[in-house]
Amino acid sequence: MASKNALVFREDDETTIAVLPHLFVFVPKKPATISLPPISIRIVIASALLAGMVAWAVLNAASVSISNQEFVRNSPPGGSANRTNRHEVHAVNPDRRLRVENLPPRAQQSLFAWRNFVSNTFAGDQACAECHAAEYAAHQRSGHSRTLTLMPQSDLASTLSNQGVYKDSRREQQFTFTATEDTFVVRDDSNAPGVAVPVTWLLGSGTHAQTPIAVDEITQKGVELRWSSFPRHDATRPSEIGLTPDHERFDDFQQGSIECFGRPLDSSDIRACLGCHSTVTSPPSLPIMESMVIANVGCERCHGPRKDHVDLANQGLAEQAKPRLKYENAESYMNTCAACHRDETSVHPSATPDELARFQPYGIKRSRCYLESPGHLTCSTCHDPHDTVSHDRASSIAQCQRCHGNPDHGSGYYRSADHDAATFADAPQAVCTHEPTGDCIECHMPAVPWSEGISFHDHWIRIP
Ligand code: HEC
Ligand code: HEC
Ligand code: HEC
Ligand code: HEC
Ligand code: HEC
Ligand code: HEC
Ligand code: HEC
């Protein structure tokens, strides 16, 4: 039986791919039969930990060696005591990307092995378009295809650099923006004179919001910027810049520290953001590098690496490329989604009901609809996992009614092991005792406001 967050694999598979909350981890099951270059794998596995540590030492050393470029050190203690993580602000070299040749040979080797492994096993979304046109087109519509964009390449970067400034009224602070072809830099000359923060990634498709983060590869630290972009109700108008959700907590900030720009991120925070918004991110043993990220929740995040499949399909032998991972039951299916959308194992015990409403697997897994229709209710009962969410209310209601709707029929259709319509009429029924012809979603899956005008439908289906 699959453990939490692990996908289900065929027994004879060469590799196990465990989907941890944030990234794929590849573990060879039978090293002798690995079809991938065994040496690479072994290097990755065996030297990963060690190399990671060595890499860290070197990285830290590297950051010392450029200390002449540091201009703001940790601020002295003071201000609110519950603020932690006062990071240094680092220098303005907009291209503080890691140079592989700065790493020790061992780390270079494992980096190289990892890259090789990724390029030998992953094909990329574009490669699927030709044969799976419908899924590809649906995926393009879905936010999944736009969860992670390089900031300089984003539409937002050009909007902001045209706009030039953004005033944060809560802090009486003014940010200025400049963009070139491959950089996007933010400054706050009054609070952090001389500092420029190059923004690396933009997270979110914009359906709800887009939040930028800056990653300093040399120190492996970063910052979630204080401002985000929000769509307007009137879609014809450009998006609006406002406070990043949850940043009220940082209204009070230390001048001259990285907090001028937003919430400091350490390497595990950055990994978490990238992990849930990407297809592949480098494993924890290797440094975070822009060039090692496969952006967006692509086909291969859910279907596993598919290079073999593409190669064989091109020779007309698609059926010979067994899927590396497949969904065997509703639970393993839901666990895949839960790696990012979250269930009870990954939400903090102190989470409030409004926060929980955004974690759909958490909600579904506690609903009687799921618990008492074993194996028959999962995300794709109501959603095409490839497509954007359908706001067609009638079709959502129809899903509820397949189990609950018709007083003359029961919910046995889903309860029976076979989906034979003949059993549909026999089973007991549960029909709404309150408003059986109303909008079920409105009452049983209401939209719960979360933050900054964003709301999520509570997936814990229950008596209101
Ligand atoms: C050259 C055509 C071709 C390309 C390119 C291709 N596929 Fe397929 N794919 C097929 C065919 C044919 C089948 C049906 C095979 C079968 O009947 O088992 C299939 C089946 C599938 C399935 C369902 C069965 C399974 O293996 O899980 C998935 C999922 C899938 N492909 C994903 C992908 C992804 C992801 C990509 C891109 C990385 C891709 N395919 C690229 C031809 C292709
Ligand atoms: C790698 C992390 C990850 C995984 C795995 C994942 N999602 Fe998502 N999903 C996201 C992110 C991030 C977004 C937000 C996209 C955006 O910004 O609009 C999202 C958005 C969505 C949306 C809204 C899309 C839209 O445009 O309306 C649906 C529906 C969804 N996910 C369903 C699923 C289902 C079903 C699964 C499992 C089969 C799944 N997701 C697996 C990260 C993930
Ligand atoms: C555990 C996985 C996970 C982590 C970690 C994560 N995200 Fe997300 N993120 C998601 C999912 C899933 C969604 C889609 C929300 C939905 O539609 O239910 C999302 C949506 C978003 C959105 C769209 C607006 C919204 O709130 O829906 C932004 C912006 C975003 N994330 C930024 C970030 C940033 C910045 C970080 C790191 C500080 C981060 N995320 C870390 C999974 C994650
Ligand atoms: C968020 C996770 C997710 C992403 C991203 C995703 N898929 Fe799927 N895909 C699924 C799930 C889950 C199924 C199983 C079908 C179901 O339960 O509805 C599936 C089924 C399929 C199938 C089999 C369809 C059938 O009728 O049997 C194909 C082919 C496929 N996906 C191709 C793709 C391609 C190509 C992409 C990228 C363009 C992609 N998928 C992206 C989750 C995903
Ligand atoms: C796969 C079948 C299935 C689907 C689809 C389904 N349910 Fe259920 N639901 C059940 C079962 C089974 C129960 C528990 C036994 C019963 O009441 O018949 C249940 C229970 C409920 C309850 C009572 C919850 C409680 O805590 O007592 C409500 C309310 C409900 N469902 C509403 C909905 C709504 C609204 C939808 C559509 C968004 C929906 N259901 C979709 C199968 C389903
Ligand atoms: C019983 C039907 C049902 C099931 C099962 C279901 N959803 Fe939903 N989901 C909905 C409805 C209805 C909406 C709201 C659509 C709208 O805006 O009208 C929604 C909205 C969403 C959204 C958009 C954000 C929001 O809250 O409006 C995401 C993301 C999502 N669902 C993901 C999932 C995932 C992941 C699963 C599986 C764990 C899942 N859903 C299972 C019915 C369902
Ligand atoms: C106006 C709000 C509202 C609407 C619309 C609504 N419900 Fe209900 N539903 C309720 C309330 C309130 C109860 C609890 C009634 C009680 O305790 O007597 C309930 C009870 C239920 C139950 C439990 C019945 C039982 O015997 O335990 C189910 C199942 C259910 N609703 C399904 C649905 C479905 C399916 C729809 C859409 C076709 C729907 N509801 C529409 C408010 C609503």
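The values are calculated or read from the model by the stated rules, or taken from the named source; none is laboratory data. What you see is a predicted model, and the numbers here were worked out from it, not measured in a lab. Note that we place each Cβ from the backbone using ideal geometry, even for glycine, and neighbour counts take in every protein chain shown.
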Look through the stretch 178-201, keep the residues that are surrounded by 20 or more Cβ atoms within 10 Å (Cβ to Cβ) and over 18 Å from Arg96 (Cβ atoms), and return whichever of them is farthest from the chain's Cα centre (by Cα). Asn191
Only one of Gly375, Gly410 is at positive phi, at pLDDT below 90 and either away from ligand 1 (no atom under 16 Å from the Cβ) or surrounded by fewer than 15 Cβ atoms within 10 Å (Cβ to Cβ) (or both). Can you tell me which? Gly375
Looking at the stretch 381-395, can you tell me whether even one residue there is modelled with pLDDT under 90 and of a type outside the set (S, T, N, Q)? no
So Thr236 fits all but one of (1) assigned to a loop (DSSP other than H, G, I, E, B); (2) in contact (Cβ under 8 Å) with a residue 40 or more places away in the chain; (3) away from ligand 3 (no atom under 16 Å from the Cβ); (4) under 26 Å from His391 (Cβ atoms); what number is the exception? (2)
Just give me the residues in the stretch 271-287 being of a type in the set (Ser, Thr, Tyr) and either part of a strand (DSSP E or B) or more than 22 Å from Ala338 (Cβ to Cβ) (or both), in sequence order. Ser278, Thr279, Ser282, Ser285
Have a look at Ala318, Ala235 and point out the one that is assigned by TED's automatic domain parsing to the domain that holds Gly194, more than 19 Å from the chain's Cα centre (by Cα), modelled with pLDDT under 95 and of a type in the set (A, V, I, L, M). Ala235
Scan the stretch 113-127 residue by residue and report those that are of a type outside the set (Gly, Ala, Ser), touching a residue at least 40 places away in the same chain (Cβ under 8 Å) and away from ligand 2 (no atom under 16 Å from the Cβ). Trp114, Arg115, Asn116, Phe117, Asn120, Thr121
Regarding the stretch 353-365, can at least one residue be identified that is free of Cβ contacts under 8 Å to residues at least 12 places away in the same chain and either in contact with a helix residue (DSSP H, G or I) (Cβ under 9 Å, 6 or more places away or on another chain) or polar (S, T, N, Q) (or both)? no
For a quick check of your reading: which helices (runs of 4 or more DSSP H) sit entirely within the stretch 355-407 and have at least 2 residues that are under 25 Å from the mean Cα position of the chain (by Cα)? 360-366, 379-382
Can you tell me how many residues within the stretch 288-311 are within 19 Å of Gln108 (Cα to Cα) and outside any loop (DSSP other than H, G, I, E, B)? 3
